[in-house]
Amino acid sequence: MAEKREHWGSRIGFILAASGSAVGIGNIWKYPHMAGQNGGAAFTLVYLACILIVGLSIVIAEFVIGRKTQLSPVGAFEKLAPGSSWKYVGYLGVASAFVILSFYGVVGGWIIKYIVVSITGGFNGLAGDPEVAGNVFNTFTTATWSPIIYQVLFMGFCIWVIVNGVKGGIEKWSTIMMPLIVVLLVVLAIRGITLPGGMKGISFLFNPRFEDLTASSIVLALGHSFFTVSLGMGTMMTYGSYLDKKQNLLNSALWVLFLDTAIAMLAGVAIFTTVFALGANPAEGPGLIFVVLPSVFPQLAAGTLWGTLFFVLLFMAALTSAISILEVVTAYFIDQKGWSRKKATIQFGAVITIVGMFCSFSLGGGVNITEFLGISFFDAVDYLSSKYMLPLGGMFTAVFVLKRWGIPNFIEELTSGMEDSNLSSSLIRSLLTIAAGVVAFIIFNEIYSKIVGVALIG
Ligand code: PFF
C-alpha cells in the first residue's frame, strides 16, 4: 500500500482506456454474428435498449464507487460497507476476471495466428471455399500445442502492458490503439460499401426483421450488453479508481457507451458488406470471423492487405480489453495485499495463462476437465461468466447502491465534476431498480430453464 495511487493523465486517456476495455472481441466477433442471426436491426434495437436502461446505470455505478473509494472492487466494497459481506461482490469480480481472461486469452492467441497466416499469404488457398477455411480453423484450434504458443504470446503482451502501469501502460496503449481501430474499421467499411453488391450487407444489418427476433434473442442481447460494456466484474470500478474528482462521470459513461456501440456497428458494416459482395453466408454464426472472412478476403484485390488489417485491428481490440481484465486481478493484489504491480501482474498473468491452456486443451487437443458436464471447459467458462457471473456482479452493484450505500451518497460522488448537479434521486433510484430487476429476472430465467427444462422466456 506504500505506493501512491496512479491516476489517468488526461480525461481523453481515461475515456479511451475505458472504451478500449469495452470494445473487444465482443464487438467485432460476437455482435455482428448475433445481429446477423437474430433479426438484424430488430436485435440492435433491443440491444440499444439494454445498453441504455441497464448498461448506463451500472457503468455509472461502477465509475462512482471506484472513484469514491480509490480502490479496486474488494477494497471498495469493504471501505463503503466495512465488516459486511459486500466485499464478496468484489471477490466475485476477481474470480470473473480469472474466468473470462482464461478463454479470452485463447481467442487472442487465435487472432495472432490469423495475422501470421494472413501476412504469409495463407488465406490465398482458402479463396471462396469456407469449407476448407473451416477445416483449417478446426485443425488449428483443436491441436494441442500450437494454439497454446499463440495464447502465451497474447498473454505476454497483456502482462507487458499492465506491468508498465496505469499511465505508462494502459493509457498509453489505449490512446494509440483506439484511434487506430476506428481508422482501420472506417477504411474496411468504406472498402466493403464500395464493393459491387456491398450495400446488400447494409440492408441485412440495418433492416429490422422482427420475425427473426425471438424471446431468447432478447435474453441474448441483455447478456451481451454486460459483456460488451465490460460490466459486472469491477473493470469499470477499477478504472474509475484511477480518476480524480474533476471528471464528469455521466459524460464519460455516455462516451464509452457511444464508442462501444458505434464500433460494433461499424464492424458489422465492414463485415457484412464484404460478405454480401462476395456471396458468402452471412448467417454463419461464430465462424463468421475465422472461417467466412478468411475465405472472402483473398477474393478481393489486395486481399492479403485487407485480411491482415482486419486481424490486426481485431488484435488491438482484444488486447485493450484483455488488459482491463488483468488489471482487475493485479489491482486486487496491489490494493489488498500490498504487492508490487510487477509481481502481481506476472504471477497472476501466468496463473491465468495456465488455466486458459485448459480451455484450449478442452477443444480437442487434450484433457477436458468439464467432460462430466457434457461441454468443453472453454464453453463452460464462457457460459458461466456471461450468463451468471457478470450479471450477478452487475445486479449486486446496483443493489449495493440502492440498499447499502444510499442514493444521496451516490449522487454526491456522481455530481462532483459535473456542472449541473441537480440530479433527481427518484430517477436514479428507478433506473438502478429497473437494472437490478431486469438482471435478476434474467438470471432466474436461466436457472429456472436449467431446472425445469423450459425457460419462462427465451
Ligand atoms: N468488453 C469486452 C468485449 O466486448 O470483448 C470483453 C470484456 C472485457 C468483458 C472486460 C468483461 C470485462 F471486464
Worksheet item: If you scan the stretch 1-26, which residues turn out to be crowded, with 24+ Cβ neighbours inside 10 Å and at pLDDT below 95?
Response: G26
Discussion item. Which count do you get for residues in the stretch 356-379 that are under 21 Å from Y91 (Cα atoms) and more than 16 Å from the ligand (Cβ to nearest atom)?
Written reply: 0
Worksheet item: Which one of the conditions (1) surrounded by 24 or more Cβ atoms within 10 Å (Cβ to Cβ); (2) farther than 18 Å from A253 by Cα does V46 fail to meet, given that it meets all the rest?
Response: (1)
Discussion item. Here is a check on your reading of the model: is L126 open to solvent by 20 Å² or more (accessible area, probe 1.4 Å) and more than 14 Å from the ligand (Cβ to nearest atom)?
Written reply: no
Item to complete: Name the residue, out of G279, G232, G285, G223, that is assigned to a loop (DSSP other than H, G, I, E, B) and within 16 Å of the ligand (Cβ to nearest atom).
Response: G232
Worksheet item: Considering only residues of the stretch 288-345 that are open to solvent by 10 Å² or more (accessible area, probe 1.4 Å) and of a type in the set (V, I, T), which is farthest from the ligand (Cβ to nearest atom)?
Response: T304
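Residues are listed down the side, and each one gets a yes or a no for (1) modelled with pLDDT of 95 or more; (2) surrounded by 18 or more Cβ atoms within 10 Å (Cβ to Cβ):
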site	(1), (2)
G366	no, no
K387	no, yes
G406	yes, no
M418	no, no
N422	no, no
S430	yes, no
E446	no, yes
S449	no, no
I457	no, no
Item to complete: For the stretch 132-141, state whether one or more residues are aromatic (F, W, Y) and within 16 Å of the ligand (Cβ to nearest atom).
Response: no
Worksheet entry | Tally, over the stretch 110-121, of residues that are within 15 Å of the ligand (Cβ to nearest atom) and in contact with a Leu (Cβ under 9 Å, 6 or more places away or on another chain) | 1
Item to complete: Test each condition in (1) away from the ligand (no atom under 16 Å from the Cβ); (2) assigned to a helix (DSSP H, G or I) for K245 and report the one that comes out false.
Response: (2)
Worksheet item: Looking at (1) of a type in the set (K, R); (2) more than 26 Å from K387 (Cα to Cα); (3) more than 22 Å from the chain's Cα centre (by Cα), which is the only condition K87 fails?
Response: (2)
Worksheet item: Quick check, is Y104 out of contact with any Lys or Arg (no Cβ under 7 Å at 6 or more places or on another chain), open to solvent by 40 Å² or more (accessible area, probe 1.4 Å) and assigned to a helix (DSSP H, G or I)?
Response: no
Response to the item:
Here the residues within the stretch 414-458 that are among the aliphatic types (A, V, I, L, M), over 17 Å from E62 (Cβ atoms), over 23 Å from the mean Cα position of the chain (by Cα) and outside any loop (DSSP other than H, G, I, E, B) are L427, I447, I451, V452
Practice prompt. May I ask you to list the residues in the stretch 368-385 that are surrounded by 22 or more Cβ atoms within 10 Å (Cβ to Cβ) and touching a residue at least 40 places away in the same chain (Cβ under 8 Å)?
Written response: F378, V381, S385
Worksheet item: Can you find a residue in the stretch 259-266 that is under 26 Å from S102 (Cα atoms), surrounded by fewer than 22 Cβ atoms within 10 Å (Cβ to Cβ) and within 13 Å of the ligand (Cβ to nearest atom)?
Response: yes
Practice prompt. Kindly indicate whether any position in the stretch 62-81 is crowded, with 20+ Cβ neighbours inside 10 Å and within 29 Å of G268 (Cα to Cα).
Written response: yes
Practice prompt. Take H33 and decide whether it is within 16 Å of the ligand (Cβ to nearest atom) and open to solvent by 10 Å² or more (accessible area, probe 1.4 Å).
Written response: yes
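Conditions tested, residue by residue: (1) among the aromatic types (F, W, Y); (2) out of contact with any helix residue (DSSP H, G or I) (no Cβ under 6 Å at 6 or more places or on another chain).
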{"position": "Y383", "(1), (2)": "yes, yes"}
{"position": "L390", "(1), (2)": "no, no"}
{"position": "F396", "(1), (2)": "yes, no"}
{"position": "E413", "(1), (2)": "no, no"}
{"position": "V438", "(1), (2)": "no, no"}
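The values are calculated or read from the model by the stated rules, or taken from the named source; none is laboratory data. Computed from a predicted model, the values in this text were never measured in an experiment. Note that we place each Cβ from the backbone using ideal geometry, even for glycine, and neighbour counts take in every protein chain shown. What goes into the accessible areas is simple: the full protein's heavy atoms, side chains included, and nothing from ligands, DNA or RNA. Shrake-Rupley method; radii C 1.70, N 1.55, O 1.52, S 1.80 Å.
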